[in-house]
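We did not get these values from a lab; they are worked out from the coordinates using the rules stated. Computed from a prediction, not measured in an experiment: that's the story for all the values here. Glycine gets a Cβ as well: all are built from the backbone with ideal geometry, and neighbour counts include every protein chain shown.
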Amino acid sequence: MPRLIQKGIVVLFGSICLLFCGLSAFAQDVPSDYQDVLRFLDRKGDFKTGVLKVNIPRSDLKISIQGFSTPTPLGFGGWIALTKSTDGSDVMMGDLVLLQEEVNPVMSALLDNGIDVTALHNHFFWDDPRVYFMHVHGLGKAADLARRVKPGLDLIGHVVPSAASPASGTGIPLDTEKLATLIGHSGEQSGAVYKITVGRDDIAMKDHGAAINTRMGLNTWAAFVGTQGDAAIAGDIAMLENEVTPVLKALRKNGLDVVAIHHHMTEDRPVVIFLHYWGRGPAEKLATGFKAALGELGKGVATHAMAHQQQNSEEVTGGFVCRNEF
């Protein structure tokens, strides 16, 4: 009898294990809407902890860092991921691995289809070829997000770099007065470079009680060099969070390349995000692009200021003042 009981316990334990294994496998089954995403994008992926992760590896690239051959898993496995929000729709985030000539075409394709670009930067030094990482974000139904992100993903590995022609160095000098009039702000000449700096005085930012102003880095600028017919522009734009996508769209629609999107500060309130850009062409066309980006700044400042004042007033509670003085 004891042997039969022991055998029964073993069988029961085995059955329980099989049951839990079955439940675990069932829990990891890819939901039907996520299966549709994988099929539509024609990509591989997996579903764990409620997240569908779609793989976008750059196994097509042979990348070396300081002459050291680096396999894809070392840091070149791009991806997008989807998970359910409380209302049943999906949140999409991702990190795309792009060659420098792919960055702006992919960005334009994403922006044109309602996908936000939230960061752009490098992860390595001395990489050959140079590789950049673009973070993306989207909200909606899984099928719709797949439809919107696909045009950008389809460009990866298929962008032909355009040949850059050297600057001639001849032609009509920069008409700085015309540029200042077009942009609506005057600048300063420093050698061959004409630079226009525009402060964000509409943003009341403080750090430990000290006002963070234009000279402390809270500014937007454009620097021009070259001739009126063949110029280059480089610059930096300081944006509130809700200004990022409109500014990106303005720059891209005017043919200016976005080079980086990141923070310059930590613990800043309100949060300010900076982007660096570059362009080449007729000086007036470049100035028009910069002016279009400037036009997207400051539109929601009044509402933001009211919310910021309310936040500060709520922080004075319980008989003490919070250390956050922003």
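Structural remarks
- Net dipole in debye of the stretch 176-309 [+1 Lys, Arg Cβ; -1 Asp, Glu Cβ; about Cα centre; nearest 20]: 260
- Since only Val37, Pro105, Thr49 are under comparison, the one whose Cα sits farthest along the positive direction of the charge dipole of the stretch 32-155, derived from C-beta charges on Lys, Arg, Asp and Glu, is Thr49.
- Residue-count net charge about His276 - beta-carbon cut-off 11 Å; Lys, Arg +1, Asp, Glu -1: -2
- The charge dipole of the stretch 32-155, taken about its Cα centre with unit charges on the Cβ of Lys, Arg, Asp and Glu (plus for the first two, minus for the last two), comes to roughly 280 debye.
- For Ala146, neighbours were defined as the other residues whose beta-carbon sits under 11 Å from its Cβ, and their charges (Lys and Arg +1, Asp and Glu -1) total +1.
- Taking the number of Cβ atoms within 10 Å of each Cβ as an exposure proxy, the fewest-first ranking of Ser59, Ser32 is Ser32, Ser59.
- Under a model in which nothing but the beta-carbon of Lys, Arg (+1) and Asp, Glu (-1) is charged, the stretch 259-298 shows a dipole of about 200 debye around its Cα centre.
- Between the residues Phe133, Thr118, Pro161, the greatest Cα displacement towards the positive end of the dipole of the stretch 95-171, with unit charges on the Cβ of Lys, Arg, Asp and Glu, is found for Thr118.
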